[in-house]
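Structure record follows, encoded as structure tokens.
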Amino acid sequence: MELLNTLHAINQEVVQLAAVGHYKQALTRLAVAACDLLNGETSAIWLLEDGWLLLHATDADQSHADRVPLYESLVGESVLARAPVQSDDVRIDKRLHHPELAAQYGWLRALIVPIVTEPDGEPIGAINVYCRENPCDETTSEEQMQILTLLADLAAMVIVSATRYQVGEAAETPSRSYVLLGDLATSLLVRLRVKAGAIPVRIEGIQDKCSAAVVADDYLSENLAAIQQNIRESMQVVGELLSLMRMLSSGETAIPVGPEHG
């Protein structure tokens, strides 16, 4: 649940920054969040312009190129494919446009997700994370991409807000971030239910195979029974949370578009 609370807090912070026009700060916050959440060495947000992907935000801990080409680059491949892309070893990956940076900073793994402003629209950029370790953290690759997709969606919301203000549209910009947050929460809760569900089976196995010891030891018998009861109650809570997350994933949130201040 700590991860979900962190993601929710980041979502709120970025929405608030964009609502008062701090677009650059909002994008930088997302780059920093990508590093923090995926245990990355560095992260960057790139936007497409005239066949190039231009650097618009970074966590600022390490240097990045100012631009990379849309074609024949690792970041560009994600944009062109309109899909997540990963590299398990950028040191030998020919798609990396600046291998000297990977050598300088010891980058090993790369995760890239395109930034898409509309569900069926064309990507306008990408967010990427470089890590020294493989994998970036203990979560699965699917969960890593879910987290990065959530951050990419927030980046899209920020960019659309800035664009609409520049052209004088005082409309609200919908965000799909709560939908993605609900999906991620559901995925994590399902994993928790599977792991917790195995505990009663193991306890029953102990009770069956070690019945003499269990019967002879009141302390052991009582605690095994208490563990079973706690797990049943926990499973009920997980089921209720799953229902709540599925309800959240069917809704959207919106932010007002404000003037640019930073």
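The values are calculated or read from the model by the stated rules, or taken from the named source; none is laboratory data. Not measured: the values here are computed from a predicted model. Backbone-built Cβ (ideal geometry, glycine too); neighbour counts: all protein chains shown. All accessible areas refer to the heavy atoms of the entire protein, side chains included, with ligands and DNA or RNA removed. Shrake-Rupley method; radii C 1.70, N 1.55, O 1.52, S 1.80 Å.
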Residue pairs qualifying under the 9 Å Cβ cut-off, at least six apart or on distinct chains, with the first in region 219-230 being at positive phi and the second being modelled with pLDDT under 85 and not basic (Lys, Arg), are none
In region 1-49, anything in contact with a Phe, Trp or Tyr (Cβ under 8 Å, 6 or more places away or on another chain) and either among the hydroxyl-bearing types (Ser, Thr, Tyr) or not in a helix (DSSP H, G or I) (or both) is listed as Gly21, Gly40, Glu41, Thr42, Ser43
Members of region 12-39 found to be under 15 Å from the mean Cα position of the chain (by Cα) and open to solvent by 20 Å² or more (accessible area, probe 1.4 Å), listed by number:
Gln12, Arg29, Val32, Asp36, Leu37, Asn39
Looking at (1) more than 13 Å from Ala126 (Cβ to Cβ); (2) more than 21 Å from the chain's Cα centre (by Cα), find the lone condition where Arg109 falls short.
(2)
Where Asn39 falls short, out of the listed (1) without any contact (Cβ under 8 Å) to a residue 24 or more places away in the chain; (2) on the phi > 0 side of the Ramachandran plot
(1)
